[in-house]
1. I'd like the residue in region 16-40 that is in contact with a strand residue (DSSP E or B) (Cβ under 8 Å, 6 or more places away or on another chain) and assigned to a loop (DSSP other than H, G, I, E, B) and, out of all such residues, is farthest from TYR56 (Cα to Cα).
2. Right, LEU20: among the aliphatic types (A, V, I, L, M) and more than 19 Å from ASN79 (Cβ to Cβ) or not?
3. Of all residues in region 133-150 being within 19 Å of ASP94 (Cβ to Cβ) and either among the polar types (S, T, N, Q) or loosely packed, with under 11 Cβ neighbours inside 10 Å (or both), which is farthest from the chain's Cα centre (by Cα)?
4. Suppose we keep only residues that are in a helix (DSSP H, G or I), surrounded by 14 or more Cβ atoms within 10 Å (Cβ to Cβ) and not polar (S, T, N, Q) within region 54-85. Which one would you say is modelled with the highest pLDDT?
5. Within region 89-107, is there a residue that is over 30 Å from THR30 (Cα atoms) and assigned to a strand (DSSP E or B)?
6. Looking at the structure I just gave you, is TYR130 within 16 Å of the chain's Cα centre (by Cα), aromatic (Phe, Trp, Tyr) and in a loop (DSSP other than H, G, I, E, B)?
7. For region 1-35, enumerate the residues that are surrounded by 14 or more Cβ atoms within 10 Å (Cβ to Cβ) and among the acidic types (Asp, Glu).
Amino acid sequence: MKNLLEIGQIVNSYGIKGFLKVVPYTDDITRYEDLKTVYIEKNKKLEEMEIEEVKYHKNLVLLKLKGIDDINQTLEYKNCLIKIDRENAVKLPDNSYFIVDLIDMEVYTDENKLLGKIVDVFPTGSNDVYVVKDELGKQTLLPAIGDVIKDVDVANKKMIVHLTAGLGED
């Protein structure tokens, strides 16, 4: 498991006082208010920075970090990822997982046939969908619902699924 989790990406500056416009990678954007520090990945290096203020604009987070005080300083952070330590992450409800923990997870049917690895996860509104690819590039889309997802073992990167009619094998 990765120790750091991505929680957003800086996409632009906001105003002239050093605020950063952030696209959140979290279901609850107000969760930024609970953080004291974040890591900014810039030029493949991590820089720990203290949060001074959090605001919101539409579905974006406006983040003011200590030491970034004007629009000129914000420009060097454009497109940088924001990360946190796993221990600062929100507690997930049962049968919920961080996407980073699902990517590259091996997916087996309940008959022990390897379907491939999870390469992407996307939300549909009612549930997520896991994109599974095998070694030949064949793609299977699996809805993240109880009838299909039978077991998720994050520690061993293994998922067991039941393929219902229409999910690749009948």
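The values are calculated or read from the model by the stated rules, or taken from the named source; none is laboratory data. In this text, all values refer to a predicted model and were calculated from it rather than measured experimentally. Every residue, glycine among them, receives a Cβ derived from its backbone with ideal geometry; neighbour counts consider all protein chains shown.
1. Once the filter is applied, the top-ranked residue is LYS36.
2. Details: among the aliphatic types (A, V, I, L, M): yes; more than 19 Å from ASN79 (Cβ to Cβ): no.
So LEU20 fails the test.
3. ASP147
4. Taking region 54-85 first, the residues in a helix (DSSP H, G or I) are 71-77.
Checking the rest, the ones that are also surrounded by 14 or more Cβ atoms within 10 Å (Cβ to Cβ) come to 71, 73-74, 77.
Now drop any that are not not polar (S, T, N, Q), which leaves 71, 77.
Details: ILE71: 90, TYR77: 94.
My answer is TYR77.
5. Taking region 89-107 as the starting set, the residues that turn out to be over 30 Å from THR30 (Cα atoms) are 106-107.
Filter once more, keeping what is assigned to a strand (DSSP E or B): 106-107.
Checked region 89-107: at least one residue is over 30 Å from THR30 (Cα atoms) and assigned to a strand (DSSP E or B).
6. Details: within 16 Å of the chain's Cα centre (by Cα): yes; aromatic (Phe, Trp, Tyr): yes; in a loop (DSSP other than H, G, I, E, B): no.
So TYR130 fails the test.
7. Result: GLU6, single match.
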